[in-house]
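These notes are about the structure you will find just below.
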Amino acid sequence: MQILNIFSYTCVKIDTLMSEKKIRLYGAGGHSQVVREILEDNGYEITDTFDDKPEGSHYATKKIASGARGDLSTFSHEGPPVIIAVGINKHRAEIANFLKSKFEKAIHKSAIIASSASIGEGTVIIAGAIINPNSIVGKHVLINTAASIGHDCVIGDFTHISPKAALCGHVEVGEGSHVGVGAVVIPKVKIGKWCTIGAGTVVIKDIPDYTTVVGNPGKIIKTMKMENINESQQAITDITFIGSGISSSFTLLNLLDKIELENTPNKVIINVIDKYSEFNTGVPYGLRSGFSVLLITSLKDFLPEPELGLFKKWLNNNKKWLLDKFKKDGGELSKKWLEEHTTQIENNDWNDLFIPRSFFGIYITERVKRKVEVLKIEGLAEVKYVNAEVIDIEKNEGGFDLTLNNDSNIYTKKAILSIGSLPINYLWKSKKMIEKENLLFVNNPYSPNLKEVLSKIESFLSKRNNKINALIVGTNASGLEMLYKLNDIKQIRDKINNFTFLSTQGMIPNAIVDEERAKDFVTTNLNALQSKKGLTAKEIADAAFKDLDYAEKIELGAASTVGKISTGFGSLLHKLNENELKEFACCYGNEIGRRQRCAGDHYLRTIVKLKGENRFEHLAGRFDGIKMNIENEFKLDYLETESNKVKVLDEPIHLVINCVGSMRFTNEKTPSLIKNLINKKYCTPNKSQIGFNVNEDFESIEGLHIMGPLLAGNIIEGKPIWHVEHCGRIIWLSKLLAEIVCDKTLITKEVDG
């Protein structure tokens, strides 16, 4: 009896395996013969062949049935999987969109495909094709004979990579595009949607959507009309991210991980909207900050595990071209940084390095794109990027209407407001940059980007015969890196006589830990509160300020005291009730943080060098204005911190760079979106005036979630939040929010279904 049961099970298993090897072909032209042979060599039984025009089929194809176009309702969508053996991309896309069948892949035995590559359903890979590690190939793609796909490429749905075409690493090919026979695409080039790259073309720069490119180097010769492109209809959006900085990127990554883990029954449609064309990085890690500014902390303090390990592995694989680009973008200080850290870089010893911030921006962009493509291939999620500014939100039943500055609207069931900090608070006049005969005033050093601003400064200086005096207002990360970049570029540094910092405390963030004195430092005032009950936020803050005052008095920098002071006040927070904890988050956390700023030694060595040359001064005070004297020179008025009186700087100022940071909700220049949200009571500012009140689901109102710096002044999982710019904190919060949003979205979609 046992033998009979085993025999029966074996027969069932064999029948199942045989049924799994059955397949149907849609298409009966010449290309179908190639696909047919691949499938038969792989042991498939082709049960049916369909074609919308059977009369035009290849002579070798027998028993052809009519396709689904004639009558979609009578077509047998059920049955074995289908391969669309049609060579024209547009037709392949149309068929895939109206068929309701399962799809299979057809991969020739001689094709070489890296184990880390992803291949979408319906894709055909012909003899001799090579797909290198970490590349993502979409759905219903045709990778033709001996085509080569480099590492880390992203090949969109319905594309055709022709015979012997060669795509180098990090190339992106948009949906529906055709790369011709023998074409070459150099590394990191992006080809748009529904493009045609002619045979033998050498593509050396990004190609916009709907264009035809030919020649060496490739040139655009034609642009198709968008109405001629048959794309799938826009689906109703489930989730929309407003803003696409690091907070959005990590939330999106965690959200997609959750969707993949849950294997959601319906595809989740996600929009990401940003007024800048660069997505995923925000200002700090993208092109607006340039390629050669460095982290304010070491890498090991910048990222927690396991993200740190993933990033270091990526650095190991990409460091050559990254460092070449860094060297090209930077100046003398950048070259010196490379020379000093050659051994560490060669040994992949990244932990203690203050690496270029742009490296992380490129990494996170690739990480997001790869995850987006994987879930698109799996049919679980689709992410659409919209380059526009959201200027208003209107809550309707079941969701929100988002009004964009291009006069269009997007309807979404849920929205995540993650626009980063509020815009920079302009110090003088209302322009990003003001140029006069004897003055260049930069209100926003990152608009349009740091590289162009530095070029403008260099041009301004080149017109002057004499050296000038420069003023940087603010000693945050922006202030330090602006001083660094002014000294990195020789043509700028040599034209500046004196550099002046103006900040409220008159202190430079500290870099070097005094190990011996740090051991002896005691947080006397914070320690005295350990036995006290019923504490208030103000009592803890006052104690922290007194300990900071003492550290400054004995000239012990923040790098030596930040650990003990942070531990000291952190250990007291559990003694606060909920109201006092929120008071601490709103009113004191950032104030303590400003006095605990640390920075990389590379920044501070620049200051030490300038001090040694008697070319540096640091004023303790607040900017009060710029006035022109009778000699047509501009003088600085500032409110001195110690005396609380307005003082005038003796020397004239010719270059002013504003690095004071972001505005508050009370500023009349607050963006229209923020004003509208506050006026409609969709968002309520808390006492911090830089953050909105949220509930335990990060919502300001139902369905509108807040993420990033706008979370300041809240209590999340019992922890006060006053600063959401550190990656460790962002990753923690993004995981929490992703789980909340995904769970709510899954419930909603199940009910809808």
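A short reminder: the numbers here are calculations on the coordinates, not readings from a lab. Since we're looking at a predicted model, the values are computed, not measured. Don't worry about glycine lacking a Cβ; one is built from the backbone with ideal geometry, like all the others, and counts go over all protein chains shown.
Computed from Cα atoms, the angle from the helix 2-20 axis to the main principal axis of the chain rounds to 80 degrees. Place a point 7 Å from the Cα of Ile434 along the Cα-to-Cβ direction; which residues of the range 637-654 have their backbone N under 20 Å from it? Counting backbone N atoms under 20 Å from the label point, the list is 637-640, 646-654. FRET efficiency for the Lys675 to Ser455 pair, using the beta carbon distance and R₀ = 41 Å, is estimated at 0.75.
The 3J(HN,Hα) values that the Karplus relation (6.51, -1.76, 1.60; θ = phi - 60°) gives for the range 682-687 are, in residue order, 6, 9, 10, x, 8, 5 Hz. Gly and Pro appear as x. Computed from the C-beta positions of Lys532 and Asp206, the FRET efficiency with R₀ = 56 Å rounds to 0.35. In this label model, Trp321 and Thr297 are separated by 3.0 nm, measuring between points 7 Å along each Cα→Cβ vector.
I'd like to know which of Ser162, Pro284, Thr342 lies farthest towards the positive end of the charge dipole of the chain, counting +1 on Cβ of Lys and Arg and -1 on Cβ of Asp and Glu. Going by the Cα projections, it comes out as Thr342. Computed from Cα atoms, the angle from the helix 727-752 axis to the main principal axis of the chain rounds to 40 degrees.
Can you compute the modelled spin-label distance between Ser408 and Glu696, with each label point 7 Å from Cα toward Cβ, in nm? Those two pseudo-labels are separated by 3.9 nm. Spin-label model, Glu631 to Lys219: label points 7 Å out along the Cα-to-beta-carbon direction sit 5.7 nm apart. If R0 is 41 Å, the Cβ-Cβ spacing of Asn590 and Asp650 corresponds to a FRET efficiency of close to 0.80. Specify the angular offset, from 0 to 90 degrees and rounded to the nearest 10, of the alpha carbon long axis of helix 558-570 from the longest principal axis of the alpha carbons in the chain. Once rounded, one gets 80 degrees. About its Cα centre, the range 515-594 has a charge dipole of approximately 220 debye under the convention of +1 per Lys or Arg Cβ and -1 per Asp or Glu Cβ, with nothing else charged. The fraction of Cα-Cα pairs per 20 angstrom bin, counted from 0 for the chain, comes to 14, 41, 31, 12, 2, 0 percent, rounded to whole percents. Here is the list for the range 324-416: GluC sites (Glu not before Pro) lying in DSSP coil, each with at most 13 other C-beta atoms within 10 angstrom of its C-beta, are Glu397. Note that the range 413-425 has calculated 3J(HN,Hα) couplings of 6, 9, 10, 10, 8, 9, 8, x, 5, 5, x, 4, 7 Hz, one per residue in order, obtained from phi through the Karplus relation 6.51 cos²θ - 1.76 cosθ + 1.60 (θ = phi - 60°); glycine and proline are x. In the range 79-121, whose amide N lies under 11 Å from the spot 7 Å out along Cα-to-Cβ of Arg69? List them in ranges. Counting backbone N atoms under 11 Å from the label point, the list is 91-92, 94-95. Descending by average beta-carbon neighbour count within 10 Å, the peptides 506-513, 84-91, 313-320, 526-533 line up as 84-91, 506-513, 313-320, 526-533, the highest first.
Assigning unit charges at the beta carbon (Lys, Arg +1; Asp, Glu -1) and nothing else, what dipole magnitude in debye, to the nearest 20, does the range 421-577 show about its Cα centre?
Working: 22 positive and 17 negative charges, 125 e Å.
That gives a dipole near 600 debye.
Computed about the Cα centre, the dipole magnitude for the chain is approximately 1360 debye when only Lys and Arg (+1) and Asp and Glu (-1) carry charge, each at its Cβ.
Extension gain Gln505-Ser643, at 0.36 nm per residue separation less the Cα-Cα distance, in nm?
Values: separation 138, 0.36 × 138 = 49.68 nm, distance 1.26 nm.
Once the chain is fully extended between Gln505 and Ser643, it gains 48.4 nm.
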